[in-house]
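Worksheet: the structure to be examined is printed underneath.
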Amino acid sequence: MAAQPDPLGLTQPAWEQLALEWGLPRYRGRQIFDWLHRRLVRDYDLASDLPAALRERLDRELPIRRPEILRRETSDDGSVKLGLGLADGALIEAVYMPGEARDSLANEFEDARAVPGEAAGGRREAKSMPLVPKFTICLSSQTGCAVDCAFCVTGRLGAGRNLSAGEILGQLQAVLREVDRTYEGMRLVFMGMGEPLLNLEGLLPALEILFEMVAPRRVTVSTSGITPALAKLAALPRRPNLAVSINAAEESIRTRLMPITRTYPLRELIAAMRAWPLEPRRRILVEYVLIAGVNDSVEDAARLSRLLRGLTAKINIIPLNEDATYLPGWKRPGEAGIDRFAKELVAAHWPVTVRRSRGPDAAAACGQLKGRTQDPRRARLTPASRS
Ligand code: SAH
Ligand code: SF4
């Protein structure tokens with residue numbers, strides 16, 4: 001593709017290499033990386049310890065282009081859903097969720113130590129309350145999604161293209177600038193538009209860059225279960241938290257909800273999760289979108305519990321965010337149904353959280369991101385027509 005690299009997507013070693021190629025000392029590369037990522041400067045001009053000639057050359061040969069914020073929707077709880085335009089006109093969405101772990105959506109994305117009722121670690125975290133308020137940013141990894149889950153607005157809109165590492169970092173920087181935050185107190189989740197594990201080309205360098213500023217345990221990658229890519233992620237020396245969208249514990253129900261199950265069966269996915277190397281005090285986050293009459297019975301909960309047996313996991317129940325336009329016929333269970341399902345899992349000793357989307361604010365939830373506003377390209381599939 002483009003001959004010139006995207007400067008925001010260059011890792012620190014890549015900048016050092018470039019410095020050498022330009023006849024400069026290696027440390028110049030590290031300085032540029034510092035300015036762009038650690039110090040988050042808007043452009044090279046502000047990198048005051050670089051020679052003027054170098055700043056000019058960078059400007060000329062490696063211009064910085066961040067996604068542009070085109071839309072903002074603020075919810076009552078302070079969450080902000082942002083619509084961003086990429087250089088080629090493609091649209092993506094990202095969400096900023098402010099607040100402490102206990103009173104915001106961020107709760108669901110905490111690492112295992114923040115799960116109430118858990119052993120040792122929980123108390124330790126509570127003692128060291130940070131001075132800087134926490135927040136979570138939900139990022140997109142693709143401009144659509146080819147995985148085609150039946151309950152997902154992004155999936156209904158069809159495949160998009162991969163975001164480059166530079167676009168992923170640019171997206172993050174644009175959001176941080178918009179909400180006037182730095183990395184302090186930040187949690188990052190790849191739960192926006194797209195399937196991150198179908199974009200390892202963009203994701204892996206983006207993680208390498210991010211981990212220079214942010215501890216891996218503050219970053220979560222959510223996948224629908226692309227098992228070969230999971231194995232590659234597992235082999236990284238520094239790994240993010242893993243979240244897996246299980247959504248159904250029975251092969252045929254899951255295939256109906258997530259046709260990708262035909263390619264990567266549940267059995268294989270669970271095996272890949274068992275093989276995932278967990279650091280101490282971490283857990284795999286199992287996401288389960290709860291849909292009325294589809295996967296929300298007590299038997300479904302018991303099956304899920306059996307399926308996960310032996311895994312170090314916590315379960316995040318996500319009551320379906322309904323969408324009359326894109327997801328006609330799919331319903332979220334009532335509160336009693338959600339409670340019944342959660343209680344069955346709690347009784348089996350799983351750490352469980354329920355993601356509470358608040359009324360009209362639901363559109364800002366991850367997994368509800370569409371980027372564009374036109375109608376779905378493909379035929380709408382209702383629960384009845386898919387069975
Ligand atoms: N593609 C990745 C990450 C993006 S989707 C994945 O599937 O994991 C992020 C989360 O949103 C997933 O757990 C997905 O199951 C959930 N989700 C998608 N559509 C949803 C909806 N309509 N209501 C609630 N959660 C939804
Ligand atoms: Fe893609 Fe995730 Fe939506 Fe499935 S739930 S269509 S994998 S974004």
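Side notes on the structure shown:
- The Kirkwood hydrodynamic radius of the stretch 213-328, based on inverse pair distances between different Cα atoms, is 15.0 Å.
- Alpha-carbon Debye profile of the stretch 1-62, log10 I(q)/I(0) at 0.17, 0.19, 0.21 Å⁻¹: -0.51, -0.64, -0.80
- Protection proxy ranking, highest mean first, for peptides 85-92, 10-17: 10-17, 85-92, where packing is the per-residue count of other beta-carbon atoms within 10 Å, averaged.
- Computed FRET value (nearest 0.05) for A324 with D45, which takes r as the C-beta separation and R₀ as 56 Å: 0.70
Computed from the coordinates by the stated procedures, all read-outs in this text should not be read as laboratory data. Treat the numbers as computed from the prediction; the structure is a model and nothing was measured. Ideal geometry is used to build each Cβ from the backbone, glycine not excepted, and the neighbour counts take in all protein chains shown.
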